[in-house]
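What follows is one structure encoded as structure tokens, with my remarks underneath.
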Amino acid sequence: MTQQKQVILQKVRDSRTHPTADEVYEMARQSLPRISLGTVYRNLDSLSRDGLIRTLEGSGPRRYDGDLEKHCHVRCKLCSYIRDTVPVVEISLEEASQSFDGFMVTDYHIEFVGMCGECRERLNAERTL
Ligand SMILES: [Zn+2]
Ligand SMILES: [Zn+2]
């Protein structure tokens with residue numbers, strides 16, 4: 001593993017905010033001032049393929065998660081708020097596989113989507129203006 005890749009992995013693992021590639025780039029630059037955004041993208045892709053970090057696809061920009069334990073997320077549709085939830089939903093992969101014809105389920109991702117407290121307050125305030 002290159003030093004750049006090592007630094008990027010560490011930044012994602014240390015962060016609890018599920019950073020975007022741009023945010024990882026900002027963090028990586030503190031340790032490696034000459035790193036490029038392209039290098040950050042390439043290394044994030046590669047770390048994700050190696051299974052060392054998780055890629056969070058969904059509404060909004062792609063984010064990265066260094067926590068490999070099974071857990072769910074809540075994401076606000078209006079701002080970039082995203083955080084971990086306790087795993088309130090547990091699905092058995094064998095049971096899931098049985099419900100799809102010939103398909104073997106190997107993993108699943110659960111994201112609760114909605115509106116965070118701050119956005120709700122802002123909308124409520126706008127409504128009463
Ligand atoms: Zn929000
Ligand atoms: Zn997470």
field: Sorted peptide list for 17-26, 41-50, 97-106, 118-127, criterion being average Cβ within 10 angstrom, highest first
entry: 17-26, 41-50, 118-127, 97-106
- request: With a 4.7 Å Cβ cut-off, tell me which Cys residues in the chain come up empty for a partner.
  value: C72, C79, C119
field: About the Cα centre, charge dipole magnitude for the chain (Lys/Arg +1, Asp/Glu -1 at Cβ), debye
entry: 660
- prompt: Label points 7 Å out from Cα along the Cβ direction at Q98 and L129: separation in nm?
  reply: 5.5
message: Amide H of Y81 versus every other amide H placed in the peptide plane: which residues, excluding those fewer than 5 positions away on the same chain, fall under 5 Å?
response: C76
- request: Rounding to the nearest 20 debye, state how big the charge dipole of region 16-65 is about its Cα centre with +1 on each Lys and Arg Cβ and -1 on each Asp and Glu Cβ.
  value: 80
- request: Can you pull the one-decimal nm distance between simple spin-label points at S80 and L52, each 7 Å off the Cα toward Cβ?
  value: 2.3
task: With θ set to phi - 60°, apply the Karplus curve 6.51 cos²θ - 1.76 cosθ + 1.60 along region 26-38 and write out the HN-Hα couplings as whole Hz, x wherever there is a Gly or Pro.
output: 4, 5, 5, 5, 5, 9, 10, x, 9, 5, 9, 4, x
field: Whether the chain is rounded, prolate or oblate, judged on the alpha carbon gyration tensor where a/c under 1.5 counts as rounded
entry: oblate
query: For a label point 7 angstrom out from the Cα of E118 toward its Cβ, which stretches of region 58-77 have the backbone nitrogen within less than 12 Å?
result: 76
- prompt: For region 19-129, what's the relative contact order in percent, using C-alpha pairs closer than 8 Å and at least 6 residues apart?
  reply: 19
field: Expected 222 nm ellipticity per residue - DSSP helices of 4 or more, -39500 (n - 2.57), all of the chain, to 500
entry: -12500 deg cm²/dmol
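Taken together, the values in this text are just the output of simple stated rules run on the coordinates, not laboratory data. Remember, it's a predicted structure, so these values are computed and weren't measured experimentally. Methodologically, a virtual Cβ is constructed for each residue, glycine included, from the backbone with ideal geometry; neighbour enumeration extends over all protein chains shown.
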